[in-house]
1. If packing is taken as the average number of other Cβ atoms within 10 Å across a peptide's residues, how do 74-81, 31-38 rank, most packed first?
2. Once you have a ≥ b ≥ c as the square roots of the Cα gyration tensor eigenvalues for the stretch 1-76, tell me rounded if a/c is under 1.5, and otherwise prolate or oblate according to whether a/b is larger than b/c.
3. Indicate the gyration tensor shape class of the stretch 13-54 (rounded, prolate or oblate), computed on the Cα atoms with a ≥ b ≥ c the square roots of the eigenvalues: a/c under 1.5 is rounded; otherwise a/b larger than b/c is prolate and the rest oblate.
4. Separation between the residue 80 and residue 40 pseudo-spin-labels, each 7 Å from Cα along Cα→Cβ, expressed in nm?
């Protein structure tokens, strides 16, 4: 689940029959946790938690913890760098695009084209973010 750039990981507690969520892309500990009995309520609680967190930060003059920037510097070594450059050239894409797709595949995330197609078919929700993560 994503809202205003923040991403939540979800779990189901079968013994309590409740859904739990926590923000996972804002550093080493979650800025928000939330729970609900059904998915619609869980989404509402997630969005409310983020809105309250951001309002609290603004009220107190605190800089909110931001979601990960999407920028990552990686040292490959010259041999691997050359292999990656060759593979990207063979596919006719930039090194960055090739690496992003390789990481998406390794992480089990949908390819960029599938995410963009899915976003195009979803109605925009009030207050939600329709931005995609830049590469």
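1. Ranking the peptides 74-81, 31-38 by packing returns 31-38, 74-81.
2. oblate
3. In terms of gyration-tensor shape, oblate.
4. 4.8 nm
The numbers here are math on the coordinates, done by the rules we state, and not lab data. As the structure is a computational prediction, the values presented were derived from the model and not from experiment. Note that we place each Cβ from the backbone using ideal geometry, even for glycine, and neighbour counts take in every protein chain shown.
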